[in-house]
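The values are calculated or read from the model by the stated rules, or taken from the named source; none is laboratory data. Computed from a predicted model, the values in this text were never measured in an experiment. Note: ideal-geometry Cβ built from the backbone for every residue, glycine included; neighbour counts use all protein chains shown.
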Amino acid sequence: MNKETLTPPQRASVETLDRPLVISAGAGSGKTFTLTQRIAWALLPGSGEGGDPFVDSIDEVMAITFTTKAAQEIKARVKSTLRAEGMVEESLKVDSAWISTIHGMCSRILREHALEIGIDPAFTVLNEADATDMMERAIQTVLSQADELMSPEGMDGLFAEYSIRPNAFGGESIERMIRSLANAAASSPAGFDALRVPPEGRGWTDLLRAAWQTWEDMGGVVRNLKASATRDALLAKGDDAAEAVQALLMSGEEPTPEACLEILSQFPDPNGRIGRSDEAYCEGKPRWKQMWSLLAGEALCKLSRPFVNDLITLSKRVLKEYEALKSAAYALDNTDLLVLAFRAFDQHPEIADQYARTFKLVMIDEFQDTDQLQIDMISHMAGEGLERLCTVGDAQQSIYRFRGADVDVYRRHVERMQKRDDAVYVELHDNFRSHADVLSFVDCLFGRSWMFGDAFMSLAPGRNEAKVKRPYRSDTPRIQLQLVEREQRDTAAERATGADACRIEALGIAKRFSELRRAGHPSSDMVVLLGRMTNADVYAQVLRDAGFECVIAGGSLFGKMPETLVVLRLLQVAADPNDAPALFEVLTSDMFALSADDLLELATDRTAKEGLRKRDISKGLFRLHADMEEGMPASPALRHAVEVLRDMCFRAGSDAPDRILTEALVRSGWLSRLQEQGAQGMAVAGNVLKAVRMAGDICQENVCGVAAAAREMAARLESCKEAPGALSAEAGDFVRIMTIHASKGLEFPIVAVADFAKERRSSAGKFMCETIRGTTYISLMPGNSASDLEVLTKRAKAYASVDPEKDDVDLIGAIESAASQTELRSLLTAYGIQQEKEESQRLLYVALTRASESLFVSMHVKRTKQPAVYIDTMSDIRAGLMAAQGNAEGDFPDQAGVPVPLEYGGSAPALFTRLPISRDVSGGLSYPDALQGFAATLVPTQASSTVTLPDPGRGIVAVDGAPSVFDRGNVRSYSSLEEALPAGFLEGETDALGTASPSPFGAVSLSYETEDSRAAYGSSQDVLDDPFADDDAFWDELAADLSSDTDKATDVGSAFHALAQWSVEMANGQVEGEGHAVPLPVPDAQRIAAVMKVNGVDAASHVRLEEALLRWYGSDACARALACKNLQAEAPFFVTVPDDGGTELYLEGSIDLLASDGGFDQAYIVDYKTGGHEDETSEKLQTKHLLQATCYAYALFTQGYGRVDLSFVRVEQEDADAPGQPQCVNYSFTLEDAPVLAKRILSAYKAGGRS
């Protein structure tokens, strides 16, 4: 083996085989190469005593990696090195060597010793989705027994204090708390013994005495202040509370918790309006406030402490049920693998001894991302004093705390090894990846005391610049930064939103990438790394508009990608052709892209005796096939979709799901079209094929059919945390977008970093559950009763024993010795803040060290004051760069739009550009001067409207937005009428149609609004500016066309409508007397989750949906509807609009909510609107909804109503003049308006070219 190419630290790592070794491997330092060389060297002669190999076989080597991919890479390199050294026979053993992930190792050990430790050797390992589902089933089983638990076992207090399940609008729940406790216990070999219940704290009497003493101190100072009404009132209140304490203590009776809480809440806080010049009072105020906060927290925690034991009891039952479910399935989860392997070693010394004698080398890669359980288990195999253990890690790259990784384990191990004389500590600090400027920039930021400080390992440039394969080609500085600044404005309309800032950030990145492309860099050199993927589509769209091929290549998005869900829906249709929501999504997806006319054709039954009638689209699909065979015309797109899906469904019961899916996808022509769309298309194809493989794998694993596979696939995708399909990340000339976490271990010449900063939590919830060094600390505050204890609750939240940003405190030690729950909660909160801060810093470090040639760092800030407040790591970046300029407290340069040089220690200064943004008086986004020219060059890209259909007989048939060849006659909905109208047709028409009557709820007020037609048919720029546009666009286009609720099957809009409809139907069953005496029932969390799942609403939109529901249920419009006797949800209509000229139009649709008092005097219509943006006036809103209001009112007049009031309730937008109320657009018509309404409808019909 040629070791001349190794650096001295690498060589020391390779040759140290007989003692404990700790390798601190910096980013880009060649650690994988070093590990493989160490394994190979141990197998070669000369590595051991007397010239022998240190190990006799690869079977004596154990190497634990973080990922399966890393294990495969190590195996491949070891195999290659051994072959190069002539050890072919040994290289053949590498594939079966103990080189794997920690879970792979544990699984192998457990199978070999299953009978000894009492488990089935044929166990299966649950994937994350299955394990999550099984745990949820266990929780629900236990909670379903709640009624039985409450009285017999005294848990009625717990169930009265906390909701059993999460309610629709947040709050603590028993379900969430027992899930946390059960998971914590399951993850520890000690089980529930690892849970530490809160400290008992002081008794009620002691708390009252402490309060009395605090008032004695505070009151004595207050009495010496100058007399005033405020001072006297404060004294009177405090003295009264003190007298109540004395009376209670002198009574000799044990005070009740209720009495103590009442008295404690009566003691006053210091008043800031008095004693401003009194030194004693000013000095005492912080002390008294802290004491009142401490006492309040102790009292509240004492009140809820008994509930902790109840929660633990329930958690034990959950784990027992979970274990029973796994046992019945002969399955273990990943936590079981770790815990059972540890117990096998701990309880069966002969097993531990076997492995301790087997392995002479034990290595753990990525040791910074391990936990104490793993190191305790490995220690059983690593020899006496860990003499055979080699750990490789870097505390600066520990970014998996959310998965349970504990960087403290790594740090403590390093400290212990550095104190030992027989251990070797090596730093691999030579970086072979990055240019010196990149490393200097990293040093400038992370060498500061507020970042990594003294623990920072600076990386030295180690690469040979002459051998760099993809060198920097531009003459501009390698390091550049931009700060998008949302400026403070007087009105909401002029303030830029977070979505605006995101788009400007994306523009800045696209501009920089365009400069580098002109300099000769291919797109494949570039990557955008995001802290979260919420806005990934925005960055991708702007880059595509700038002419870049672009794919989203990493992040837990696979289960949420539209194309993945299309494959799921396709499988659901194969399992059940009557699944209308799934069928709707397949037909409207890019797979078939049927038009609105095609969908209406499917939903129209022309064979009924009574004329045209609605039908379910699933019935229409198969009926239409028979009709087409009899000669009925249909569009080529519709005919093709019917044939493909019909054949697929007929084969569903006799062929493998992945085969029928693949054939349907190929026959549809979708995969061929994707291949023609370059990188973006290939990325989509990658996800499509990955989803098909998932369906096939499910069938093989479970030996099941299509229906079971569809259910299982839906469950897996619900909790899927996988990255997009393989084609998304294959080599190609395109820009990649991925999470920082997904980029770990990768490198790219050009790296842009954005969306990495986030607000840090400042307070804890009612329930706290934090695992530290193997112990889980629990704290609990009151739930429902907190509203009755408002004063104490507010005081308790103010308590802070330490400031993690300033105080140098051993938080773990303080947590371990905390004597009161208030102190414990404060320390746990501080610990969480500290851990989040450090992890954010490490995440930024990982992002920056992915770059080999150039960095572009993008930030955005909302300026509400001077100077701007920078959150999270943005503040660290500012302080680090400004420290390099000589002023760590200074702000970034304030020149707007002008690149300003900033020194950082590189070969040339970095360039910093500040980009202030706002909106103009009309609400339009004003682009910064520095980006205006570039923004003007963008060419908006959007999906092609052309659908190419494979035809074996004639080649390719193109259908480009052509109308259906089947004439539906004169059947129209308001949306199909509106779609065909020329621009401006309805402007100025409101007064002519009688809508000038006063609104029942006042004038409309605006903050956001969704323009239906613009979102559906306008530019991609419009859609991009409005993140909610899709909801209203979809709803207004199709809701009236298909009256069935199942046909309204996408996103937040349809989920809201489904839940609102459910509420009305439930309320109809609870009517008492006049009107609806009860409010609309609010759906619980389970129903909301189920509706979200059916409608494909992602988790990120959960809060949005709940807020819309809350706004609707509390609205005046809802109250007005409830005042009526009769409520009808989704009321369909099909009426005739006659014309003297001989034209007869059929008008159809369905009304979201129809309310009346039983007669025909008056009706009230509510139409829900989701989404919104900022560029609408009251007049435009009245015009916008006018045609829909006209159609609905006319339909009711044909049924005999004399007056119709309508409210278009914008459930996602708050009325600026009525906080808490949704914005409403209101209309009112009388029967006298009917002829005018009919004329307007016919005019719209003819204006659209439909005469």
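Remarks
- Single condition Tyr1168 does not satisfy, out of (1) surrounded by fewer than 20 Cβ atoms within 10 Å (Cβ to Cβ); (2) touching a helix residue (DSSP H, G or I) at 6+ places or on another chain (Cβ under 8 Å); (3) at pLDDT 80 or above: (1)
- Taken over the stretch 549-585, the criterion of being of a type in the set (Ser, Thr, Tyr) and at pLDDT 85 or above is satisfied by Thr564 alone.
- Set Leu1109, Leu1154: member being in contact with a strand residue (DSSP E or B) (Cβ under 9 Å, 6 or more places away or on another chain), modelled with pLDDT of 80 or more and in a strand (DSSP E or B): Leu1154
- Failed criterion for Ala1234 (all others in (1) at pLDDT below 90; (2) over 36 Å from the mean Cα position of the chain (by Cα); (3) outside any helix (DSSP H, G or I) hold): (3)
- The set of residues from the stretch 411-451 being surrounded by fewer than 18 Cβ atoms within 10 Å (Cβ to Cβ), part of a loop (DSSP other than H, G, I, E, B) and of a type in the set (D, E, K, R) comprises Arg420, Asp421, Asp422, Arg448.
- Unmet requirement for Val1225, which otherwise passes all of (1) at pLDDT below 90; (2) more than 21 Å from Phe1133 (Cα to Cα): (1)
- Hits in the stretch 468-486 (condition: surrounded by fewer than 17 Cβ atoms within 10 Å (Cβ to Cβ), within 21 Å of Leu915 (Cβ to Cβ) and of a type outside the set (S, T, N, Q)): none
- Residues satisfying the criterion are absent from the stretch 848-857 (criterion: out of contact with any Leu (no Cβ under 7 Å at 6 or more places or on another chain) and of a type in the set (Lys, Arg)).
- Residue in the stretch 864-873 that is among the hydrophobic types (A, V, I, L, M, F, W, C), assigned to a helix (DSSP H, G or I) and buried (at least 16 other Cβ atoms within 10 Å of the Cβ) present: no
- Residue satisfying condition, being farther than 27 Å from Gln397 by Cβ, in contact (Cβ under 8 Å) with a residue 12 or more places away in the chain, among the small types (Gly, Ala, Ser) and touching a helix residue (DSSP H, G or I) at 6+ places or on another chain (Cβ under 8 Å), within set Ala455, Ala493, Ala499, Ala519: Ala499
- Restricting Ser801, Ser826, Ser840 to those that are crowded, with 17+ Cβ neighbours inside 10 Å, part of a helix (DSSP H, G or I) and over 24 Å from the mean Cα position of the chain (by Cα) reduces the list to Ser826.
- Filtering the stretch 256-286 to residues that are under 12 Å from Leu208 (Cα atoms) and among the aliphatic types (A, V, I, L, M) leaves Ala259, Leu261, Ile263, Leu264.
- Flag for Arg532 being outside the structural domain of Val642 (by TED's automatic domain parsing) and not in a helix (DSSP H, G or I): yes
- Only a single criterion out of (1) modelled with pLDDT under 90; (2) small (Gly, Ala, Ser); (3) not in a loop (DSSP other than H, G, I, E, B) is not satisfied by Gly1159, namely (3).
- Within the stretch 561-671, helices (runs of 4 or more DSSP H) holding 2 or more residues that are without any contact (Cβ under 8 Å) to a residue 60 or more places away in the chain and surrounded by fewer than 16 Cβ atoms within 10 Å (Cβ to Cβ): 617-629, 636-651, 657-668
- Residues being among the polar types (S, T, N, Q), surrounded by fewer than 19 Cβ atoms within 10 Å (Cβ to Cβ) and within 11 Å of Val426 (Cα to Cα) - total across the stretch 1-26: 1
- Taking the numbered list (1) in a helix (DSSP H, G or I); (2) of a type outside the set (S, T, N, Q); (3) under 30 Å from Thr124 (Cβ atoms) in turn, Cys704 passes all entries but (1).
- Cβ pairs under 8 Å, 6+ apart, first in the stretch 1093-1104 and on the phi < 0 side of the Ramachandran plot, second part of a loop (DSSP other than H, G, I, E, B): Val1094/Ala1049; Asn1095/Ala1049; Asn1095/Thr1050; Ala1100/Thr534
- Selection from the stretch 104-125 of residues that are closer than 18 Å to Ser187 by Cβ and either buried (at least 20 other Cβ atoms within 10 Å of the Cβ) or touching a His at 6+ places or on another chain (Cβ under 7 Å) (or both): Met105, Cys106, Ser107, Leu110
Residue by residue, here is whether (1) surrounded by fewer than 23 Cβ atoms within 10 Å (Cβ to Cβ); (2) over 29 Å from Ala129 (Cα atoms); (3) aromatic (Phe, Trp, Tyr); (4) over 29 Å from the mean Cα position of the chain (by Cα) holds:
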{"site": "Gly297", "(1), (2), (3), (4)": "no, yes, no, yes"}
{"site": "Val339", "(1), (2), (3), (4)": "yes, no, no, yes"}
{"site": "Phe342", "(1), (2), (3), (4)": "yes, no, yes, yes"}
{"site": "Met363", "(1), (2), (3), (4)": "no, yes, no, yes"}
{"site": "Thr370", "(1), (2), (3), (4)": "no, no, no, no"}
{"site": "Ile375", "(1), (2), (3), (4)": "yes, no, no, yes"}
{"site": "Gly383", "(1), (2), (3), (4)": "yes, yes, no, yes"}
{"site": "Cys390", "(1), (2), (3), (4)": "no, yes, no, yes"}
{"site": "Gly404", "(1), (2), (3), (4)": "yes, no, no, no"}
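- Hits in the stretch 266-284 (condition: in contact (Cβ under 8 Å) with a residue 12 or more places away in the chain and in a helix (DSSP H, G or I)): Gln266, Ala280, Tyr281, Gly284
- Exclusive hit being crowded, with 16+ Cβ neighbours inside 10 Å, over 26 Å from the mean Cα position of the chain (by Cα) and in the same structural domain as Met291 (by TED's automatic domain parsing), set Leu235, Leu181, Leu249: Leu235
- Candidate set: the stretch 1177-1210, residues that are under 26 Å from Glu1106 (Cα atoms) and either at pLDDT 90 or above or of a type in the set (Gly, Ala, Ser) (or both); chosen: the one nearest to the chain's Cα centre (by Cα): Arg1210
- Here Ala786 meets the list (1) touching a Ser or Thr at 6+ places or on another chain (Cβ under 8 Å); (2) part of a helix (DSSP H, G or I); (3) crowded, with 21+ Cβ neighbours inside 10 Å almost entirely, failing just condition (3).
- Failed item in (1) surrounded by fewer than 21 Cβ atoms within 10 Å (Cβ to Cβ); (2) among the small types (Gly, Ala, Ser); (3) in a loop (DSSP other than H, G, I, E, B), with Ala499 passing the rest: (3)
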